[in-house]
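The values are calculated or read from the model by the stated rules, or taken from the named source; none is laboratory data. Note that the coordinates shown come from a computational prediction; the quantities given were computed from them, not determined experimentally. Methodologically, a virtual Cβ is constructed for each residue, glycine included, from the backbone with ideal geometry; neighbour enumeration extends over all protein chains shown. Ligands, DNA and RNA are stripped out before the accessible areas are found, and what is left, the full protein with its side chains, is counted by its heavy atoms. Shrake-Rupley method; radii C 1.70, N 1.55, O 1.52, S 1.80 Å.
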Protein chains: 2
Amino acid sequence: MQVSLTEVTDADRKNMIKTQIPDVIVGRLPRYLRALKILRENHTTINSKELGELLGFSAAQIRKDLSQFGEFGKQGTGYNIDFLIDRLQNILNINQDWGILLVGVGKIGRAILNYSGFSANRFHVKAAVDSNPDVIGEQFERCIVEDIRDMKKIIEENQIKIAMLAVPAENAQKVAEELVADGIRAILTYAPAILTLPPEIKVEYSDPLISLQHMTYYL
Amino acid sequence: MQVSLTEVTDADRKNMIKTQIPDVIVGRLPRYLRALKILRENHTTINSKELGELLGFSAAQIRKDLSQFGEFGKQGTGYNIDFLIDRLQNILNINQDWGILLVGVGKIGRAILNYSGFSANRFHVKAAVDSNPDVIGEQFERCIVEDIRDMKKIIEENQIKIAMLAVPAENAQKVAEELVADGIRAILTYAPAILTLPPEIKVEYSDPLISLQHMTYYL
DNA sequence: ACGTGTGAATTTCTTCACAGCC
DNA sequence: GGCTGTGAAGAAATTCACACGT
């Protein structure tokens, strides 16, 4: 009689954990990280109470969030900042470089190309594409704008998984579908549109208008 | 013996309701609004199921959210789109014009001045200020950049309640505190910083890096 | 028959409070 | 003494499911 061994790979295990951790918690990790990088300037260690006060979260929430991923703190002391930064970067998969494709080189697209905050954090705009012949071939920062029709080739050759979408709202859904078909797995969109994509594709909206409309409720 | 009448003003009532409605619900209203404005092109009526499918929310959630503010739908029919748009705009206080102060006219600030999506939605950048003498006096779109030292006067004269903050991260907290002291009640910040302000001040962060770091967790 | 509005049930998220370790 | 990690408690958000109006 044969014992049934269930083979569990590292990737499986990682995925199991991922689906177990609530997205609200994951969404707070980048904020913790940002705070820690600021604190690093003056401190080597931080406790959950102080970190919470800086960020506007409760100490208990911070401890519980972090405890989902391991025991990163020391009783009586708190958390070593450098260590915690490294752990968070590992959890978030940002201890590695990520290539980004920019789609749409209008005003917003150019502002993105100008912004240096990405590459300082290991996100690199590898290529930019547009459909406008007047823009194709032009150079912004280190990117020469390529033809959107070559998108698939560019994504495959550079193994790009993340796209920033800065096209007019009316084209956003169509272009997003193409991106997904070409292998993109995550989209940060600046288009004021609603994207309907398979659930395994991660989408984040950067939408100042929605933020403003949220705030005016309270004014 | 005198009957104790508790005087409740309209403003009081509005505030009571505001604190009762959870912020997560308020945060979804602008998204409903955006969807409805798109649907308006082809439909006059919509039901919670279809609206939910478009937005990726459950039908029950949409019905429950909307029911917090009134009975906007009709059994058997759904919601009249134009009517619901008007109601949501009223709830969100965006059936009126809002003046905005832009603080910081660097790359991001200029992109904001260029963006026409705000004024199309009754948000108007009334003034832009900076501390850099090279930039003060220059004109971008309809705004002549003014001296940041005149900020208080500008806010008061134009009765501005909302600011967009696009200054370097290291100045963000200090400038934000000045804004609050000068009468600003809501801040949409593009600076990769953590703002610590009184709880009655509404702050929204527009931070692509945090969005990217959130997504890479799943990649 | 269709679809809203809504109490009730369920699930998820947050806080509490304390044992245990530094 | 100080502070983490964590079960348990509590609060909040979401979904269910159906009465009722059109």
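Restricting attention to the stretch A:37-64, the residues that are open to solvent by less than 60 Å² (accessible area, probe 1.4 Å), closer than 26 Å to A:GLN20 by Cα and within 13 Å of chain B (Cβ to nearest Cβ) add up to 4. Annotation note: of B:VAL135, B:VAL167, B:VAL105, the sole residue that is open to solvent by less than 30 Å² (accessible area, probe 1.4 Å), in contact (Cβ under 8 Å) with a residue 60 or more places away in the chain and out of contact with any Leu (no Cβ under 9 Å at 6 or more places or on another chain) is B:VAL167.
Regarding B:ALA186, is this residue open to solvent by less than 10 Å² (accessible area, probe 1.4 Å), among the aliphatic types (A, V, I, L, M) and closer than 12 Å to B:GLY104 by Cβ? No: the conditions fail for B:ALA186.
Within the stretch A:66-101, being part of a helix (DSSP H, G or I), away from chain B (no Cβ under 13 Å) and either within 16 Å of DNA strand C (Cβ to nearest atom) or open to solvent by less than 10 Å² (accessible area, probe 1.4 Å) (or both) holds for A:LEU66, A:SER67, A:ILE81, A:PHE83, A:LEU84. The set of residues in the stretch A:108-126 that are free of Cβ contacts under 8 Å to residues at least 24 places away in the same chain and open to solvent by 70 Å² or more (accessible area, probe 1.4 Å) comprises A:SER116, A:ALA120.
Among the residues of the stretch B:17-39, none is identified as within 16 Å of DNA strand C (Cβ to nearest atom), of a type in the set (D, E, K, R) and under 20 Å from A:ASN171 (Cα atoms). Evaluate the following for B:ILE194: is it at pLDDT 95 or above and within 7 Å of chain A (Cβ to nearest Cβ)? Spelling it out, B:ILE194 is indeed at pLDDT 95 or above and within 7 Å of chain A (Cβ to nearest Cβ). Considering A:ILE160, A:ILE184, A:ILE154, which residue is of a type in the set (A, V, I, L, M), within 30 Å of B:PRO30 (Cα to Cα) and in contact (Cβ under 8 Å) with a residue 24 or more places away in the chain? Being of a type in the set (A, V, I, L, M), within 30 Å of B:PRO30 (Cα to Cα) and in contact (Cβ under 8 Å) with a residue 24 or more places away in the chain holds for just one of A:ILE160, A:ILE184, A:ILE154, which is A:ILE184. Within the stretch B:102-125, if we keep just the residues that are facing another protein chain (nearest Cβ under 9 Å) and of a type in the set (Lys, Arg), the residue that is farthest from DNA strand C (Cβ to nearest atom) turns out to be B:ARG110.
Among the residues of the stretch B:198-212, the one identified as touching a strand residue (DSSP E or B) at 6+ places or on another chain (Cβ under 6 Å), facing chain A (nearest Cβ under 8 Å) and among the hydrophobic types (A, V, I, L, M, F, W, C) is B:LEU212. Cβ-Cβ distances below 6 Å connect the following pairs, each with a first residue in the stretch B:37-57 that is in a loop (DSSP other than H, G, I, E, B), a second residue that is within 16 Å of DNA strand D (Cβ to nearest atom), and a separation of six or more residues or different chains: B:ASN47/B:GLY78. In the stretch A:76-98, the residues that are among the aromatic types (Phe, Trp, Tyr) reach residues that are away from DNA strand C (no atom under 16 Å from the Cβ) and open to solvent by 70 Å² or more (accessible area, probe 1.4 Å) with C-beta atoms within less than 9 angstrom, at least six apart or across chains, in these pairs: A:TRP98/A:ARG122; A:TRP98/A:LYS161. Reported count of residues in the stretch A:29-79, each being more than 23 Å from B:ASP207 (Cβ to Cβ) and among the charged types (D, E, K, R), is 5.
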